[in-house]
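Report on the structure given below.
The values are calculated or read from the model by the stated rules, or taken from the named source; none is laboratory data. Bear in mind the structure is a predicted one, so any value in this text is a computation, not a measurement. Positions of Cβ are backbone-derived with ideal geometry, glycine not excepted, and every protein chain shown enters the neighbour counts. Protein only, heavy atoms only, side chains kept; ligands, DNA and RNA dropped before computing areas. Shrake-Rupley method; radii C 1.70, N 1.55, O 1.52, S 1.80 Å.
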Amino acid sequence: MTKLQTLMNNLPQGMDGALILSQTNRQYYTGMRSTAGVLLVTRQEAYFLVDFRYYEAACKQVTDCSVVLQEKLYPQLQELMGRHNLHRVGVEDAYLTLAEFAGLEKNLPVELVHDGTLSRLIFDQRMVKTPDEVAQIKRAQEYTDRAFLHILDYIRPGRTEREIALELEFFARRLGADWTSFNFIVVAGENGSQPHGVPGNRPVKDGDFVTMDFGVRCSGYCSDMTRTVAVGAPSEKQRQVYDLVLKAHLESMAAVKPGIPCEEIDAVARNIITQGGYGEHFGHALGHGVGLEIHEEPRFGMGSKTLCAPGQVVTIEPGIYLPGEFGVRIENMVLVTPEGHEDLTKSTRDLLVL
Ligand code: ZN
Ligand code: ZN
C-alpha cells in the first residue's frame, strides 16, 4: 500500500477529506518536491493540484493520485469537494498559518477541521519509515560518512570553522547529495560549548577540540551526524569528558529496542553524564527522529513517553558543553528494528587526534 493509500484508508472519523498544504507533507505523499501545490485527499480518490511550473514534472513523477493543472485554485477545489460530497475537511494545524487558514475558510464551502487529529495521524505515519525511506536515509548517511573521512585530512591549524563547514558541504554534494539537511555546525575550541554555534572565522588551533554536526539529503531524506576530533594532543580533561560522552552514547544506544519509552533511553545517557559530574552541562534532549525534516517525531528526551518501534529512525547525541573551555558531542543515527536497532552511522567514534 502506498503512503497516500494509508492516509486515505485511515482518515479520522468525522472527516471525509483532507487538505495537505505543507511542503513536507505534500512531498511525503506525492514523492515530489515543490514550493507550491495542494493535495486534496478523500476516502476514494486524491488530487494533486499544481501550477504550470510543476505540472509537467508532476505528470511524470506522481503516480499515486490524479494530477490537476491548477488555474483557479478555489473554484477547482470547490468543484472537487462538491463532486465527492465533502462536508468536513481536515487541515494541518501544525503547519498552516493563520492567514492561509482564513483564506481557506473564506473560500471553501466546507467545515475545516483543525483539532490536531490530521496532523497527529500524519506525524505518526511519518515516524515509521518505509524500506524506501530507510534506503534514502542510508544513502544520505553514506555520503556523510565519506565526507567525514575526507575532512580529517583537511583539518589542520589555521583552517577556519567556515572553511571546514564549506569543504564538508562541497564534498558531500559532489558525491551526489541533493542539498544539506541544515546549516552545518563547525565549532572549535571554546566555541564548542555552543551546541548550535554558527561556523565563523575562528581558525583551528593546536589543542582544540573541533565539533562538526552535519548531514545531507537524498530525495529529501536527511542524515545527521556529529563528531568531535582533537587537533594536537588533548588535555587530560578533554580526554576524560570525551570518554564520558562516548560511554553515555554507547550505553544509551545499546538500550534502543522496540517497546522502550524514549525517556528511558534518554535517562541512560543522562544518568551516566550526571554521575560523571557534568549533568548540568548536558542541556538538550538525547536525540530526535529524522526523516524529511531534520527534527521530527519521536522526540527523544526527558518526558517523552513515545515507545520505540520498528521503522523509527532516531539520533543518539549526548554532549557536554563547558563555557569558555570546549564541548563534545557524538551523534549517530539508528534504525529501530524488530530485534533491537541497526546503527546507520559507520564512522569511528574513537577520539581521533589530528
Ligand atoms: Zn546533528
Ligand atoms: Zn541531531
**Report entry** Every residue from the stretch 12-37 that is surrounded by 18 or more Cβ atoms within 10 Å (Cβ to Cβ), in contact with a helix residue (DSSP H, G or I) (Cβ under 8 Å, 6 or more places away or on another chain) and farther than 23 Å from Lys60 by Cβ
**Finding:** Met15, Gly17, Ala18, Leu19
Report summary line: Sole miss for Leu244 among (1) of a type in the set (A, V, I, L, M); (2) part of a helix (DSSP H, G or I); (3) open to solvent by 30 Å² or more (accessible area, probe 1.4 Å) is condition (3)
Query - Ile164 being free of Cβ contacts under 8 Å to residues at least 60 places away in the same chain, open to solvent by less than 50 Å² (accessible area, probe 1.4 Å), out of contact with any Pro (no Cβ under 6 Å at 6 or more places or on another chain) and among the β-branched types (Val, Ile, Thr) - result: yes
Requested in this report: Look through Leu246, Leu286 and report the one residue that is among the aliphatic types (A, V, I, L, M) and touching a residue at least 40 places away in the same chain (Cβ under 8 Å).
Outcome: Leu246
Requested in this report: Under 6 Å between Cβ atoms, at least 6 apart or on separate chains: pull out the pairs that start in the stretch 303-317 with a residue that is closer than 19 Å to Leu250 by Cα and end on any residue that is assigned to a strand (DSSP E or B) and away from ligand 1 (no atom under 16 Å from the Cβ).
Outcome: Cys308/Val336; Gln312/Val336; Val313/Leu335
Query - Ser219, sole failed condition from (1) in contact with a strand residue (DSSP E or B) (Cβ under 6 Å, 6 or more places away or on another chain); (2) of a type in the set (Ser, Thr, Tyr); (3) away from ligand 1 (no atom under 14 Å from the Cβ) - result: (1)
Query raised in the report: Out of the residues in the stretch 217-236 that are open to solvent by 30 Å² or more (accessible area, probe 1.4 Å) and touching a residue at least 12 places away in the same chain (Cβ under 8 Å), which is nearest to ligand 2 (Cβ to nearest atom)?
Result: Arg217
**Report entry** Residue list for the stretch 286-304, restricted to those being touching a strand residue (DSSP E or B) at 6+ places or on another chain (Cβ under 6 Å) and either within 14 Å of ligand 1 (Cβ to nearest atom) or open to solvent by 20 Å² or more (accessible area, probe 1.4 Å) (or both)
**Finding:** Leu286, Gly287, His288, Gly289, Val290, Ile294, His295, Glu296, Glu297, Phe300
**Report entry** Of all residues making up the stretch 260-294, the number that are part of a loop (DSSP other than H, G, I, E, B) and over 30 Å from Ser219 (Cα atoms)
**Finding:** 6
Requested in this report: Return yes or no: is Leu168 farther than 13 Å from Gly319 by Cα and of a type in the set (A, V, I, L, M, F, W, C)?
Outcome: yes
Query raised in the report: For the stretch 89-155, which helices (runs of 4 or more DSSP H) that fit wholly inside it have 3 or more residues that are buried (at least 20 other Cβ atoms within 10 Å of the Cβ) and among the β-branched types (Val, Ile, Thr)?
Result: 131-154
Report task. Answer yes or no as to whether Ala188 is under 21 Å from the mean Cα position of the chain (by Cα) and away from ligand 1 (no atom under 14 Å from the Cβ). Result -> no
